[in-house]
Amino acid sequence: MVRNKGARYASLVAAGVLAFGALTACGSDSDGGSEGSEGSSGDGSSETTGKVGVILPDSKSSVRWETQDRPNLEAAFEAAGLESIIQNAEASPDTYGQLCDQMITEGVNVLIATNLDPDSGKACIDKAKDAGVAVIDYDRLTLGGGADYYVSFDNVVVGELQGQGLIDCLNAKDVTSGNIAFINGAATDNNATLFKQGYEQVITDDGSFTVVADQTGEWDPNVAGQVFDQMYSANPDLVGLVTANDGMAGGVIARQKAAGVEGEIPVTGQDATAEGLANVLQGYQCGTVFKDTSVEAKAAADLAIAIINGDDTSSIATGSVNDSELGVDVPSVLADPVWVTADSVQSVVDAGQADAAEICKGIEDLCSEYGVG
Ligand code: BGC
């Protein structure tokens, strides 16, 4: 499932590997966390004793964090026999800092964290490092942060899929030129920059469509909806929009419904949420990027085990991503994203990452048409 970019991201920073020895001695003796699990290794191999802390960013910018990442991380840690604490900062940098402090105090061996912004992300990484706790940046790279590892998807490719997905979808409707717009993710998220890099490049290379508006929707469905309203009143001839995730796409589609133009100005998405997949089936959304978070979660768990055991991680973190602020390559695991259209919605259900009943509620006819169930 994970096709590591061995050739493309060949270098492994040895310093990251050398740091492990010091970590193996760190606290596996603390009491349980709010989401603890402990046991022997799921595959019957040698047991790993250790504790992992996870900080998720929020539950509103995307439902993925609670509906996909949490259960997939729990399952991956349980299978690996690792004790874990998984908490959500609910978009508050203060809470993020408190969770970081608590997890370090509770003696986690490895901290897996999705930052809210570079500053609070780095503050936590600094504290963890001072305490001898290894840090894995989960999904979002903390620019300038200095995490030991990064686990994510190839996020430029995510953006390329969105750009190409919009072009293909418009062409299929015989729309081969016209004005389009971008509604980007939050500027504090390095991923949003990478996604935009991907879709902007594809749209520019294609050359058929003109980008007449380009704004952040702050990873917030309501903000994205308001941004769409402004864009649409300034550019009533819009033919399509790149919207960077399913949540924001939903906010835009709600405004389009209010204006009676849903489906006429198709949008894109990301995260393969039930809402997004339903909008894809209805033709409001061209497609969504499916990022299999069970693969991402397992990669994080595999790395955590290797770190705790003091093993060489080079066969796991086969890639690297450059932190342009620090000028260092962060050893990375990057999974492959997949573009999903109405015809392939079922593949997300088959992968166990979306619930057919939730997607199909109220659109049962479309689900039968597209073989979703
Ligand atoms: C993630 C997306 C998510 C967005 C908002 C990004 O960093 O990669 O999957 O939709 O944050 O939470």
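Per-structure values
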quantity: So Gly198, is it in the same structural domain as Glu358 (by TED's automatic domain parsing), more than 10 Å from the ligand (Cβ to nearest atom) and either open to solvent by 60 Å² or more (accessible area, probe 1.4 Å) or farther than 21 Å from Pro57 by Cα (or both); calculated: yes
quantity: Residue count for region 121-152, restricted to those that are part of a helix (DSSP H, G or I) and either within 15 Å of the ligand (Cβ to nearest atom) or within 28 Å of Phe290 (Cα to Cα) (or both); calculated: 1
quantity: Residue check, Leu116 open to solvent by less than 20 Å² (accessible area, probe 1.4 Å) and farther than 21 Å from Asp312 by Cβ; calculated: no
quantity: Test: Glu275 is touching a residue at least 60 places away in the same chain (Cβ under 8 Å) and open to solvent by 10 Å² or more (accessible area, probe 1.4 Å); calculated: yes
quantity: Count - residues of region 280-311 that are open to solvent by less than 10 Å² (accessible area, probe 1.4 Å) and of a type outside the set (A, V, I, L, M, F, W, C); calculated: 6
quantity: Check on Thr243, of a type outside the set (Asp, Glu) and within 16 Å of the ligand (Cβ to nearest atom); calculated: yes
quantity: Qualifying residues in region 52-62 (those that are near the ligand (Cβ under 9 Å from one of its atoms) and not small (Gly, Ala, Ser)) - the one surrounded by the fewest Cβ atoms within 10 Å (Cβ to Cβ); calculated: Lys60
quantity: Thr216 vs. criteria open to solvent by 10 Å² or more (accessible area, probe 1.4 Å) and assigned by TED's automatic domain parsing to the domain that holds Asp168; calculated: yes
quantity: Any pair with Cβ under 6 angstrom, 6 or more apart, that starts in region 223-244 at a residue that is modelled with pLDDT of 95 or more and assigned to a strand (DSSP E or B) and ends at one that is within 16 Å of the ligand (Cβ to nearest atom) and hydrophobic (A, V, I, L, M, F, W, C); calculated: Leu241/Val267; Val242/Phe182; Thr243/Ile183; Thr243/Ala249; Thr243/Val252; Thr243/Val267
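Residue-wise test of (1) farther than 24 Å from Cys367 by Cβ; (2) outside any loop (DSSP other than H, G, I, E, B).
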{"site": "Asn279", "(1), (2)": "no, yes"}
{"site": "Ile307", "(1), (2)": "yes, yes"}
{"site": "Ser314", "(1), (2)": "yes, no"}
{"site": "Val321", "(1), (2)": "yes, yes"}
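The values are calculated or read from the model by the stated rules, or taken from the named source; none is laboratory data. Everything numeric here is computed off the predicted structure, so don't read it as measured data. Cβ sites come from the backbone with ideal geometry, for glycine too, and all protein chains shown count toward neighbours. For the accessible areas, the whole protein counts, side chains as well, though only heavy atoms, and no ligand, DNA or RNA atoms are used. Shrake-Rupley method; radii C 1.70, N 1.55, O 1.52, S 1.80 Å.
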